[in-house]
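Student: This is the structure I want to talk about, given as structure tokens.
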Amino acid sequence: MTHSPRGRFITVEGQDGAGKTTNLSVIRDTLEQSSIQVVQTREPGGTPCGEALRELVLNRRDLDIAPTTELLTIFAARAQHILQVIEPALKSGRWVLCDRFTDATYAYQGGGRGISLDTIAVLEAMVQGTLQPDLTLLFDVDIDTGDARARQRSEADRFESEQHAFKRAVRAQYLALAQRNPQRIKVIDAAQPLEQVVHAVRSQVKAFLGTVVDE
Ligand SMILES: Nc1ncnc2c1ncn2[C@@H]1O[C@H](COP(=O)(O)OP(=O)(O)O)[C@@H](O)[C@H]1O
Ligand SMILES: [Mg+2]
């Protein structure tokens, strides 16, 4: 029986308006040029159940969702996503490209909402087991630039309408994660003009491809 090598798991992270979604197609193109099959997805969401939970945490201001409820809802969506989409794809040899993952939980629910990182780590272990991204591109931008870009794109969701202090804490937590995991998390200066950001993204993806040995 032939069996394909396990795929790789790539995530993009960063504040709203940093340019994550814009650059997903750049990452995807770079991978597809190397004949890699890519499954593109996002969090919270990625499954019908996850998308329903996403709608709750992003938009239902009327429900007065508590921080712990928010945290558990995001991990509930993640459990479904791993089971139905991420693990099956990786097992079949396809690569998974995900718009946000657990680093966002540390940044938003940890940094932003102030939930202890140890609590998040307990849920991470429960829901993910040993699953971790192989590569994460962190799009880092100052708050005002991110806000201005997000505003021009669409109406603010529950996170985008948070205070400046919340967003500063999110950014600081993201950068702390990058410092702690320099092998996995590559910081992209997302304040640059798009052309330069795209160039940096391609370079990081190609560098990663260079480290992947054929199995
Ligand atoms: N480097 C950049 N310079 C200027 N505008 C950008 C840049 N990157 C993205 N944008 C624009 O900013 C907005 C937000 O980008 P988006 O990719 O949706 O951010 P995110 O997914 O991180 O919230 C979009 O209108 C996009 O076209
Ligand atoms: Mg986006």
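Student: Estimate the FRET efficiency between Gln84 and Gln132 by the formula 1/(1 + (r/R0)^6), using the beta-carbon distance for r and 30 Å for R0, to the nearest 0.05.
Tutor: 0.95
Student: Using the Cα centre of the chain as origin and beta-carbon charges of +1 (Lys, Arg) and -1 (Asp, Glu), tell me which of Thr30, Ala104, Ala169 is placed farthest towards the positive end of the dipole.
Tutor: Positive-most Cα among the choices belongs to Thr30.
Student: For the chain, build the charge dipole from Cβ charges (+1 Lys, Arg; -1 Asp, Glu) around the Cα centre, then report which of Gln15, His199, Trp95 sits farthest towards its positive end.
Tutor: Most positive-ward Cα: Trp95.
Student: Here's something else I'd like to know. In the chain, which helices (entire DSSP H runs) extend 20 Å or more along their own long axis, judged by Cα positions, while averaging at least -0.5 on the Kyte-Doolittle scale?
Tutor: Membrane-span-like by this criterion, though nothing is claimed about a membrane: 67-81, 164-180, 194-211.
Student: What whole-number value in Å² describes the accessible area per residue of the chain for a 1.4 Å probe? Write down the numbers at each step before the final one.
Tutor: Working: 10720 Å² over 215 residues.
About 50 Å² of surface per residue is accessible.
The values are calculated or read from the model by the stated rules, or taken from the named source; none is laboratory data. As the structure is a prediction and not an experimental result, all values here were calculated from the model. Quick reminder, even Gly has a Cβ in these numbers, built from the backbone with ideal geometry, and neighbours come from all protein chains shown. Surface areas here come from the heavy atoms of the whole protein model, side chains and all, with no ligands, DNA or RNA. Shrake-Rupley method; radii C 1.70, N 1.55, O 1.52, S 1.80 Å.
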